[in-house]
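Taking it in order: structure first as structure tokens, then the write-up.
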């Protein structure tokens, strides 16, 4: 089976459904109704897919000092992967409703544990159903496997590292939240509105075309190369509200052939737990 590490089309996936190494994971989730994704999965999903719940499977318990979706302990997450039948030989394909914002979180987490044979279904469940491909109802399970985690700490920046790197001028921090949230005009999820001073806003939706598929690699490369050239000598770290949708832009960078950017997992919802840290409202000078 040819391994894939970024995107896979619905048409290509149809031809691979019977492969014994394939493992499918449905990541549909709605922050406004946290069980809606599970209900949607049980009503209809790709054949052979298991369900991953963002809060329960792809995040640890929230504490007063964390963001809304802290990363789980690698060993505990490896146990979850094993319960889904995923091991080091699996080709994993993850999907959500369409845009890939939640699926990219699992894509990134698998790579964080050094499993690169994972791809996002481009266009997600919406693309699958538009193709007229088979769906099934109910709950699927696979025989348990053993997943050996090999964490890659260099893929992450914690809050203190972000603070220090911003102060040193060595970091390009990119906030992928919607523009009104970045500007502090609205904040539907967190207790404080605004953004981290010095962060650049580049909403993750801009990685997609009008049909909800990722833009072509050359278009993504052109966009991100322009940003890198405008910030020479700085390493890139992505953030969002809670370290979920930022993974979408990390995936876009990989598609563009520009690996090496990092994630601030705690993101805005962790930053604001410390009242001593600065908050910016509105547009910053020079942005």
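The values are calculated or read from the model by the stated rules, or taken from the named source; none is laboratory data. Please read all numbers here as calculations on a predicted model, not as lab measurements. Methodologically, a virtual Cβ is constructed for each residue, glycine included, from the backbone with ideal geometry; neighbour enumeration extends over all protein chains shown.
Does residue 20 satisfy being in contact (Cβ under 8 Å) with a residue 60 or more places away in the chain and either in the same structural domain as residue 98 (by TED's automatic domain parsing) or touching a strand residue (DSSP E or B) at 6+ places or on another chain (Cβ under 6 Å) (or both)? Considered against the rule, which asks whether it is in contact (Cβ under 8 Å) with a residue 60 or more places away in the chain and either in the same structural domain as residue 98 (by TED's automatic domain parsing) or touching a strand residue (DSSP E or B) at 6+ places or on another chain (Cβ under 6 Å) (or both), residue 20 comes out as no.
Residue count for region 190-214 under the criterion of being closer than 14 Å to residue 98 by Cα and part of a loop (DSSP other than H, G, I, E, B): the result is 5.
Which of the residues belonging to region 228-287 are in a loop (DSSP other than H, G, I, E, B) and on the phi > 0 side of the Ramachandran plot? Within region 228-287, 233, 243, 257, 260, 282, 286 qualify.
Here 167, 119, 127, 104 are screened, and the one residue that is loosely packed, with under 15 Cβ neighbours inside 10 Å, at pLDDT 95 or above and outside any loop (DSSP other than H, G, I, E, B) is 167.
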